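Below is one structure; the comments refer to it alone.
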Amino acid sequence: MKMMTAIIKPFKLDDVRDALNQIGIAGMTVEEVKGYGRQKGHTELYRGAEYLVEFQPKVKLQIAISDDQVEAAIDAICGAARTGKIGDGKIFVAPLEQSIRIRTGEVGEDAL
Amino acid sequence: MKMLQKTALLAMVMLASAGASADELNAADTAWILTSTALVLFMTIPGLSLFYAGLVRVKNVLSILMQCFALTCLMSLVWFVVGYTIAFGSDGVEQGMWIGDFGNVFFASMTMETMNGGIPATLFAIFQMTFAIITPALILGGFAERMRFSAMLLFSTIWLIVVYSPVCHWVWGGGWLGNMGLQDFAGGTVVHITAAVAALVAALVMGPRKGFGTVAMPPHNLTMTVTGAGMLWVGWFGFNAGSAVAADNSAAMAMLVTHLSAASGSLAWMTMEWVRHGKPSVLGIVTGMVAGLGTITPASGSVGPAGAVLIGLSAGVICYFATNYLKNALKIDDSLDVFPVHGVGGVLGTLLAGIFCSTQLGIFSGNGFSDGIDSIGGQLVVQATGVLATFVYTMVATFIILKLVDMMVGLRVDGDEEIQGLDLVLHDERGYDL
């Protein structure tokens, strides 16, 4: 099992969710986060007062998937979230030791 | 106002000969001033309240709304007790040079039947009351996010009595500036210069907010600000067209020039930002609107539509530069830019009224010079005298009042309280629970 974390542009969330649904990944957890990478921040100007806003708003999405879904999930997220401009985000993949469905007590891939 | 003075003078002459009030109620005038009174109150609550509240940080939003609301209540009572009589005396227009007589303390010389020209004296008193509310409320922008609530109430009370009411008398109540021929239809000197100079002095006396210039202090809710700005624009029709104190040609022209100046000022500021920074900003266009409106205010009874467009355009450009200069070069934390918008606009408008009132400027002609003045130069001298007198008097008096209030209750919240935010510290409330 793998825990996949994707940081994407907020307005791409719906596209990414649809793409993941199409390959059979039906559950996810989403958070609104702030951060920066190569995109850096942006400036805002209010009546002559200029502020550098260093953190960009992003959406962080986490999915727990089986090993054989990893390549398809990466393709789905990249396909849906890419604009080609700086700031499209990143995907991290990490091993997942265990998963448990609380309602039934199922464990492992059965619980995904 | 000029109109009113004439009618009131006429009334006094007739009073002397007939021995009784000869004024008959003019229903059209009365209906329009009743409406205007509501419009001008609407400018403060909720117009200015929302405009200002959106500009502060989230931790101080309630402090601004509270200050505007409390000032509306308190200034009404101060005006009733003593402010009105200092400005307008017993008869609505009082020929004293400096202040009115004290015959209208607690509106003592007024009954339901008393007339002031063609409208009830009570109506004139409450119409003027709404001006006495918004003027101190404008000052709040200068010391936003750091003044103690008690100090603000005390300061505003003394300021209304010592600064606003006398200056109002000088210009509109039969005082020396009005008699000299100063053209200030709706309050370039009385409202905007007094409020803006007071805001500037307060910003200097109290010092900048903690972190000014190093910490980002962007507006917390510009949708609120734009909503308030729209209300101000509408309310300003009552402010300027109502200042004709009649439903007549002068009122209609005042409304037209007010609107044109607001539109021109908005576009001018928007264009300045677009050209200089690459993007037209929402805050820019609404600030340009306030600049255009503030600048046309003194001139709204003097100029024609083409003159008004020039006034609006110059307001948008000059107030834009003034705002940048005050903040970035002088580093003065006039937090909501009261001085560069209202003060610079008030001075500009009062001076330009002296030019564009001329009837000799072709399409840019206005409604003529004051009685006894026959040139732009002559009118400009009077206009400049009005600006200078109002400016200097307000500056000195405001400084003294602030020092006095500082000794009595302390002007500023302490550093920790400022960081925590006035909403929690002073009012035990939060603006949002989202």
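Using R0 = 51 Å, the C-beta based FRET efficiency linking A:Ile100 and B:Val234 works out to 0.25. The simple spin-label model puts a point 7 Å past each Cα toward its Cβ; for B:Thr223 and A:Lys2 those points are separated by 4.0 nm. For the stretch B:165-182, the Karplus equation 6.51 cos²θ - 1.76 cosθ + 1.60, evaluated at θ = phi - 60°, returns couplings of 4, x, 4, 4, 5, 3, 8, 10, x, x, x, 5, 6, x, 5, 6, x, 4 Hz by residue, with Gly and Pro reported as x.
With Cα atoms defining each centre, the stretch B:221-275 and the stretch B:359-434 are spaced 19 Å apart in the structure.
The mean number of Cβ atoms from other chains found within 10 Å of a Cβ in peptide B:322-330 is 2, as a whole number. Compared with the alpha-carbon gap, the fully stretched path from B:Leu256 to B:Leu388 is longer by 44.7 nm at 0.36 nm per residue.
If only the Cβ of Lys and Arg carry +1 and only the Cβ of Asp and Glu carry -1, the dipole of chain B around its Cα centre is close to 1000 debye. Remark on A:Gln56: its backbone amide H falls under 5 Å from those of A:Gly35, A:Tyr36, a criterion applied only to residues 5 or more positions apart or on other chains, H modelled at 1.01 Å from N.
Were the residues from B:Trp274 through B:Asp371 laid out at 0.36 nm apart, the gain over their Cα-Cα distance would be 30.6 nm. Around the amide H of B:Asn26, modelled in the peptide plane, lie the amide H atoms of B:Ile119, all under 5 Å away and 5 or more residues distant in sequence or on another chain. Give the residue from A:Ala80, A:Leu45, A:Val33 lying farthest towards the positive end of the charge dipole for the stretch A:2-111; charges sit on Cβ (+1 for Lys and Arg, -1 for Asp and Glu) and the dipole is referred to the Cα centre. The one lying farthest along the dipole's positive direction is A:Leu45.
Annotation: amide H-H contacts under 5 Å for B:Asn116 (H modelled 1.01 Å from N, sequence separation of 5 or more, or interchain): B:Ala121. 3J(HN,Hα) along the stretch A:43-59: 9, 10, 10, 10, 6, x, 8, 9, 10, 8, 9, 7, 9, 8, x, 9, 10 Hz, from the Karplus curve 6.51 cos²θ - 1.76 cosθ + 1.60 with θ = phi - 60°, whole Hz, x for Gly and Pro. Mean per-residue shielding of peptide A:38-47 is 4, counting Cβ atoms of other chains within 10 Å of each Cβ. Residue ranges B:282-295, B:115-128 sort as B:282-295, B:115-128 when ordered by packing (mean number of other C-beta atoms within 10 Å per residue, highest first). Applied to the stretch A:93-102, the Karplus parametrisation 6.51 cos²θ - 1.76 cosθ + 1.60 on θ = phi - 60° returns per-residue 3J(HN,Hα) values of 10, 9, x, 10, 6, 7, 9, 9, 8, 4 Hz, with x for Gly and Pro.
The residue list B:His427, B:Val413, B:Val396 was ranked by how far each Cα lies along the charge dipole of the stretch B:332-434 toward its positive end, using unit charges on Cβ atoms, and B:Val396 comes out on top.
Dipole check for the stretch A:2-111: with +1 at the C-beta of Lys and Arg, -1 at the C-beta of Asp and Glu, and the Cα centre as origin, the magnitude is about 560 Debye.
The mean sequence separation of alpha-carbon pairs under 8 Å and at least six residues apart, normalised by the residue count of chain B, gives a relative contact order of 22 percent. Calculated on the alpha-carbon coordinates, the convex hull of chain B measures out at 133 cubic angstrom per residue.
Assuming charge only on the beta carbon of Lys and Arg (+1) and of Asp and Glu (-1), the dipole of the protein assembly as shown about its Cα centre is about 1060 debye to the nearest 20.
Based on C-alpha pairs under 8 angstrom that are at least 6 apart in sequence, the stretch A:2-111 has a relative contact order of 40 percent.
Put simply, the convex hull of the Cα atoms in the stretch A:2-111 casts, on average, a shadow of 8.5 nm².
Counting only lysines at least 8 places from A:Lys85 when in the same chain, those with an alpha carbon closer than 27 Å to its own are A:Lys9, A:Lys12, A:Lys34, A:Lys40, A:Lys58, A:Lys60, B:Lys279. When the protein assembly as shown is described by a simple charge dipole with +1 on each Lys and Arg Cβ and -1 on each Asp and Glu Cβ, the residue from B:Thr323, B:Leu232, B:Leu361 located farthest towards its positive end is B:Thr323.
With the highest mean first, a sort of the peptides B:374-386, B:54-66, B:405-417 on other beta-carbon atoms found within 10 angstrom per residue produces B:54-66, B:374-386, B:405-417. The packing ranking of peptides B:313-323, B:181-191, highest mean first, is B:181-191, B:313-323, where packing means the average number of other beta carbon atoms within 10 angstrom of each residue. For the stretch B:209-230, backbone nitrogen atoms closer than 11 Å to the point 7 Å from B:Val58 Cα along Cα-to-C-beta are found at B:220-221. What FRET efficiency comes out for B:Thr214 versus B:Asp101 if R0 is 41 angstrom and r is the Cβ-Cβ distance? Round to the nearest 0.05. In this case the efficiency is close to 0.20. Over chain B, dividing the summed -39,500 (n - 2.57) contributions of all DSSP H runs of at least 4 residues by the number of residues returns a 222 nm mean residue ellipticity of -20000 deg cm²/dmol. Counting only residues at least eight positions apart within a chain, or on another chain, the lysines with an alpha carbon under 30 Å from that of B:Lys403 are B:Lys59, B:Lys210, B:Lys327, B:Lys331.
FYI, it's all coordinate maths here, none of it is from the lab. Just so it is clear, the structure is predicted and the values come from calculations on it, not from any experiment. Virtual Cβ from ideal backbone geometry, glycine too; neighbours counted across all protein chains shown.
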